[in-house]
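Visitor: Here you go, one structure.
Derivation of every value follows stated rules applied to the coordinates shown; laboratory data play no part. As the structure is a prediction and not an experimental result, all values here were calculated from the model. Please note: Cβ atoms are built from the backbone with ideal geometry, for glycine as well, and neighbour counts cover all protein chains shown.
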Amino acid sequence: MHVVPFISFRPLRMEESQYFNAHTHKKPQFQNVWACRNAFHFSNKKSLSALKYSVSVGLHPWHSGLFSPELEKKIRENSLANNVAAIGEVGLDKASSVDWNCQLKTWEFEFGLAQTLKLPLIIHCVKAYYEFVPFCAKTNVPMMFHGFSGNSDVLKQLSKYEHSYFSIGPHLLKNKMIQELISKIPLNRLLFETDAGKFSIIEIYETASCILKIEMKNLQLLIKNNTLEFFGQKALLHF
């Protein structure tokens, strides 16, 4: 049984039966679900500001070959939209065919932008977790590894840094490795997401509740607390 000493659980009122989706490619579909939707680089500030929910902005490592002074300017501008809750999905992907130096240059720009704007980072990482250790050591903003699938050693290394968060998504429903991994993640650094999957965030909560043996109402409060710590109170104004 997991113990969560940093939260004093209290009865959950009906209006607090909320779910928090830290990373999705789809717009929120239910009133009791807060979500941060990934906005792609071809969006603009005006269209982003018109949305009634929170978004993240950045250049995915798969597209980092497109990085240019013009696109840098656009990302800076987009990041100032009033509903931007994070810089992301950004990061490094060693399985991608995109030039590694292009990926690094783009990531370093976006890392610096997040520090300047005091926005958290939503990170796409494939076979490059250890590359992020130096950034975890010097960041002043939270960094969330979305769809986290690192091994125990990776988790141990990254979780040493208080700004590191780990988001678990649809693979939890069918992947035994992820089902074992979630139990090792520090509970105060755990977030949930749907990414581009077909499953609902509620299904992920329900599966996690069974695996972690945490009652649903307590899990909801835990993830709400973690979401507030990661994104900040301002992001949840768009709920």
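Visitor: So for the stretch 14-237, considering every pair of alpha-carbon atoms, how many percent are separated by more than 29 Å?
Guide: Percentage above 29 Å: 21.
Visitor: Using every Cα-Cα pair within the stretch 174-231, state what percent have a distance larger than 17 Å.
Guide: So the portion of pairs separated by more than 17 Å is 36 percent.
Visitor: For residue 142, what charge total do you get from the other residues with a beta carbon under 11 Å from its beta carbon, if Lys and Arg give +1 and Asp and Glu give -1?
Guide: The answer is 0.
Visitor: Arranged by the count of other C-beta atoms within 10 angstrom, fewest first, what order do 36, 210 take?
Guide: 210, 36
Visitor: Could I ask something else about it? So between residue 152 and residue 51, what do we pick up on full extension, going 0.36 nm a residue minus the alpha carbon distance?
Guide: Gain on stretching residue 152 to residue 51: 32.5 nm.
Visitor: Note down the magnitude of the dipole of the chain about its Cα centre, charges +1 on Lys and Arg C-beta and -1 on Asp and Glu C-beta and zero elsewhere, to the nearest 20 debye.
Guide: Approximately 340 debye in magnitude.
Visitor: Using the 10 angstrom Cβ neighbour count as an exposure proxy, how do 37, 76, 189 rank, fewest first?
Guide: Taking fewest neighbouring Cβ atoms as first place, the list is 76, 37, 189.
Visitor: Give me the distance between the Cα centres of the stretch 160-195 and the stretch 97-124, rounded to whole Å.
Guide: Result: 22 Å between the Cα centres.
Visitor: Based on the Cα atoms of the stretch 40-112, what semi-axes does the equivalent ellipsoid have, where each is the square root of 5 times one gyration tensor eigenvalue, given in whole Å with the largest first?
Guide: In descending order, the three semi-axes are 23, 12, 10 Å.
Visitor: Here's a follow-up. Scanning the chain for helices, which whole DSSP H stretches are 15 Å or more long along the axis (Cα) and average 1.0 or more by Kyte-Doolittle?
Guide: Answer set is 201-212.
Visitor: For the pairs 45/105; 52/176; 74/184; 73/156, note any where the Cα-Cα span goes beyond 29 Å.
Guide: 52/176; 74/184; 73/156
Visitor: Summing Lys, Arg as +1 and Asp, Glu as -1, what charge do residues with Cβ under 14 Å from the Cβ of residue 57 carry, residue 57 excluded?
Guide: For residues surrounding residue 57, the net value is +2.
Visitor: Under the definition of Cα pairs under 8 Å and six or more residues apart, what whole-number percent is the relative contact order of the chain?
Guide: Normalised by residue count, the contact order of the chain is 21 percent.
Visitor: Now, a different point. Let me have the 222 nm mean residue ellipticity of the chain computed from DSSP H runs of 4+ only, each contributing -39500 (n - 2.57), with the sum over all residues rounded to the nearest 500.
Guide: The helix-only estimate for the chain comes to -10000 deg cm²/dmol at 222 nm.
Visitor: Amide H to amide H under 5 Å from residue 143: which residues, 5+ apart in sequence or cross-chain, H placed 1.01 Å off N in plane?
Guide: 121, 164, 165
Visitor: Hey, another quick one. Only Cα pairs under 8 Å and at least 6 apart count here; give the relative contact order of the stretch 6-125 as a rounded whole percent.
Guide: 22 percent
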